[in-house]
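Novice: Encoded as C-alpha cells, here's the structure I'll be asking about.
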Amino acid sequence: MINIKNTVIRTFFKIDILSNTPGRLRIKVVHFKKIPKDSNIFIREALEHARKVRGVKEVSFNQMIGTAVIHYDPSVIKSDEIISKIDDLREIIIENIKEITEVGEKDNALAISKVNALFERGGIYE
C-alpha cells in the first residue's frame with residue numbers, strides 16, 4: 001500500500017542548490033510551501049541537524065521561504081556530501097513518518113525528540 005504522506009514528502013522535499021562557494025552552501029527546499037504543515041517541522045529539524053555533521057559549522061534556515069545557508073569547512077567535507085547527508089535525514093523521516101506523526105498528534109515536542117533520536121541512530125553525523 002502506498003503511503004501518501006511519504007510520497008508527498010519525498011516528492012516535495014527536494015533540494016536545489018542556489019549558490020555554492022567553498023565553505024558556504026545556500027539551498028532551497030523546492031516545494032517547501034506545498035509540504036503539509038504537520039510535516040514541514042521535521043524538514044526544518046533535518047536541516048538543523050545538518051549542523052551536527054562533521055565539518056559543518058553553522059546552518060540557518062528560513063522557514064518562510066524554505067531556504068538554508070550552510071557554512072562548512074571545505075577541508076573536512078564537500079558540499080555534495082552535505083547534500084547527501086540531508087537526503088539521508090529526509091529518508092530517516094520518511095521511513096519513520098507514521099510513528100513520528102502518531103507521537104506528534106499527542107505532543108509535538110515529543111515528536112521532535114523522536115526525530116532527534118532517529119537521526120542519532122542513523123549515524124549520519126560521522
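Novice: Sticking with the crude label model, points 7 Å out along Cα→Cβ, report the distance from Lys52 to Asp80 in nm, one decimal please.
Specialist: Roughly 2.7 nm, to one decimal.
Novice: Right, next: If we sort 71-77, 87-93 on the protection proxy, mean other Cβ atoms within 10 Å, highest first, what's the order?
Specialist: Working: 71-77: 14.3, 87-93: 19.1.
Packing proxy ranking, top to bottom: 87-93, 71-77.
Novice: Can you work out ³J(HN,Hα) from phi for every residue in region 76-90, in order, using Karplus 6.51 cos²θ - 1.76 cosθ + 1.60 and θ = phi - 60°, giving whole Hz and x for Gly and Pro?
Specialist: So the J values, rounded to whole Hz, are 9, 9, 9, 4, 5, 5, 5, 4, 4, 5, 5, 4, 4, 4, 4.
Novice: Follow-up. Calculate one ³J(HN,Hα) per residue across region 66-75 by plugging θ = phi - 60° into the Karplus curve 6.51 cos²θ - 1.76 cosθ + 1.60, and present them in order as whole Hz with x for glycine and proline.
Specialist: Taking θ as phi minus 60°, the curve returns x, 10, 9, 10, 10, 9, 8, 8, x, 7 Hz for region 66-75.
Novice: Could you give me the ³J(HN,Hα) list for region 49-56, computed from phi with Karplus coefficients 6.51, -1.76, 1.60 and θ = phi - 60°, whole Hz, x at Gly and Pro?
Specialist: 6, 4, 5, 7, 5, 4, x, 7
Read-outs throughout are calculated quantities, based only on the coordinates presented, and are distinct from any laboratory measurement. Note that the coordinates shown come from a computational prediction; the quantities given were computed from them, not determined experimentally. Every residue, glycine as well, gets a Cβ built from its backbone with ideal geometry; the counts of neighbours run over all protein chains shown.
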